[in-house]
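Here the structure comes first, spelled out in structure tokens, and everything after it is commentary.
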Amino acid sequence: MLWSRAFSRRLKCCHKKMDKEKTIEDTEKEIVEEFSLFDSWDDKYEYIIDLGKKLPALDDQFKIDKNKVRGCQSTVWLVADYENGKVWFRADSDAVIVKGLISMLIRVLSGHKPEDIIEAKLGFIPEIGMTTHLAQTRSNGLLSMVKQMKNFALAFKMKKELSQHDHGYRSAERKGN
């Protein structure tokens with residue numbers, strides 16, 4: 001993999017540490033820069049496959065029907081956790097190219113507030129050519145993964161708002177209002 005050594009050297013410039021916490025848009029820009037380093041779609045596909053191989057496997061206990069993303073040609077399991085006001089995603093797939101796609105989405109969306117995930121435009125997807133170079137079934141699957149991640153974020157946002165509302169209601173009750 002000649003491309004991989006040259007790419008690794010050039011990629012280091014794209015991963016400089018930032019003083020502030022990275023936004024979704026910051027990570028999207030990094031991915032666009034990374035993809036711009038490739039001359040051919042064969043190299044881009046190889047990179048996506050490599051990302052998929054590097055995605056940590058999801059524990060078998062999470063590979064259950066309720067965690068499957070509907071609308072994907074391949075089997076994709078997606079799990080989300082809410083911790084300290086941020087959503088954290090984990091996923092796996094039986095197809096390595098799909099693992100690469102979901103790993104990019106996890107990289108972009110994981111570790112952000114639900115509101116930021118819901119509002120994310122995810123412009124990097126068309127910008128790197130995913131909407132035109134994926135087969136229609138893969139493209140539909142990618143959209144299903146995005147939809148599921150945004151649905152998780154929406155559920156966590158609603159749960160947080162209901163919890164705050166409930167807490168406010170109980171506080172008012174205690175005060176005799």
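Taking the condition outside any helix (DSSP H, G or I), surrounded by fewer than 11 Cβ atoms within 10 Å (Cβ to Cβ), modelled with pLDDT under 95 and more than 16 Å from the chain's Cα centre (by Cα), does residue 12 pass? So residue 12 fails the test.
Can you find a residue in segment 92-108 that is touching an Asp or Glu at 6+ places or on another chain (Cβ under 9 Å), at positive phi and in contact (Cβ under 8 Å) with a residue 24 or more places away in the chain? No. Restricting attention to segment 55-97 and to residues that are polar (S, T, N, Q) and out of contact with any strand residue (DSSP E or B) (no Cβ under 8 Å at 6 or more places or on another chain), the residue that is surrounded by the fewest Cβ atoms within 10 Å (Cβ to Cβ) turns out to be 84. Out of all the residues in segment 113-145, which are closer than 18 Å to residue 86 by Cβ, of a type in the set (A, V, I, L, M), part of a helix (DSSP H, G or I) and out of contact with any strand residue (DSSP E or B) (no Cβ under 7 Å at 6 or more places or on another chain)? 118 - this is the single residue of segment 113-145 that is closer than 18 Å to residue 86 by Cβ, of a type in the set (A, V, I, L, M), part of a helix (DSSP H, G or I) and out of contact with any strand residue (DSSP E or B) (no Cβ under 7 Å at 6 or more places or on another chain). Which of (1) touching a residue at least 24 places away in the same chain (Cβ under 8 Å); (2) on the phi > 0 side of the Ramachandran plot does residue 84 not meet, given it meets every other one? Going through the list (1) touching a residue at least 24 places away in the same chain (Cβ under 8 Å); (2) on the phi > 0 side of the Ramachandran plot, residue 84 breaks only (1).
Among the criteria (1) in contact (Cβ under 8 Å) with a residue 24 or more places away in the chain; (2) not β-branched (Val, Ile, Thr); (3) not in a helix (DSSP H, G or I), the one residue 22 does not fulfil is (1). Candidates in segment 98-121 are the residues that are more than 10 Å from the chain's Cα centre (by Cα) and surrounded by fewer than 19 Cβ atoms within 10 Å (Cβ to Cβ); of these, the one that is nearest to residue 31 (Cα to Cα) is 121.
The values are calculated or read from the model by the stated rules, or taken from the named source; none is laboratory data. No experiment lies behind these values; they were computed from the predicted model shown. Positions of Cβ are generated from backbone atoms using ideal geometry, with glycine treated the same way; all protein chains shown enter the neighbour counts.
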